[in-house]
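Taking it in order: structure first as structure tokens, then the write-up.
The values are calculated or read from the model by the stated rules, or taken from the named source; none is laboratory data. Given the structure is predicted, the values throughout are model-derived calculations rather than measurements. Positions of Cβ are backbone-derived with ideal geometry, glycine not excepted, and every protein chain shown enters the neighbour counts. Heads up: the accessible areas ignore ligands, DNA and RNA and are worked out on the full protein's heavy atoms, side chains in. Shrake-Rupley method; radii C 1.70, N 1.55, O 1.52, S 1.80 Å.
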Amino acid sequence: MARMRNSRQEAIRWIVRNKPIRTQRDLVNELQAEGYSCTQATASRDIADMGLRKLPEGIYVLAEDLHLQRMVAEFVTSVECANNLVVIRTQPGTAPGVAAAVDAADFTEVMGSIAGNDTVLAISRSNGSAAMTCELMNKLRAVKRV
């Protein structure tokens, strides 16, 4: 039972990071598309257990991503991919804080990050995971500061 819940919650983590989930019903539909059989009540319990939050724009985010979202929205000026590397440009002096937020978000796609004054280099496991990280960072940049 716990193994199934952990697996489902890992799927939720991926779904919320990669798709705009606005309602519990949206989450249930995405879980079912991934092969998980669950009810809206189960999704509601998972949302509470995982500490998901709803942004003012109406989309769910992971609690651990909320700090990252704030840092990205306020300090990141651009995000680009180069093979398995993600180059994150920030306002001067803010790169170490952004790198710490990236590391704290504990993305499975990111192996680690290095920060200078105004640039963060995040090393991903593959070109595909770098592209996913780039997409997520740009999505977080587009969300208004909460």
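The portion of the accessible surface of the chain made up by carbon and sulfur, rounded to a whole percent, is 50 (1.4 Å probe; DNA, RNA and ligands excluded).
Listed values for segment 75-92 are Karplus-derived 3J(HN,Hα) couplings in whole Hz (6.51 cos²θ - 1.76 cosθ + 1.60, θ = phi - 60°), namely 10, 7, 9, 7, 9, 9, 10, 9, 6, 9, 10, 10, 9, 10, 8, 10, 5, x, and x replaces Gly and Pro. When the P(r) of the chain is calculated, the portion above 20 Å amounts to 48% of the C-alpha pairs. Projecting the Cα atoms of Gln91, Val79, Leu68 onto the charge dipole of the chain, computed from C-beta unit charges around the Cα centre, puts Leu68 farthest toward the positive end. Only the Cβ atoms of Lys and Arg (+1) and of Asp and Glu (-1) were treated as charged; on that basis the dipole of segment 11-95 about its Cα centre amounts to roughly 120 debye. With the other protein chains left in place, how much accessible area per residue, in square angstrom, belongs to the chain at a 1.4 angstrom probe? Each residue of the chain exposes 52 Å² on average to a 1.4 Å probe. Relative to one another, the C-alpha centroids of segment 1-65 and segment 80-146 are positioned 23 Å apart. With K and R counted +1 and D and E -1, the other residues having a Cβ less than 15 Å from that of Glu109 yield a net charge of -2. Projected label points at Met4 and Asp106, each 7 Å from Cα along the beta carbon direction, are separated by 2.4 nanometres. About the centre of its Cα atoms, the chain shows a dipole size close to 380 debye [charges on the beta carbon of Lys, Arg (+1) and Asp, Glu (-1) only; nearest 20 debye].
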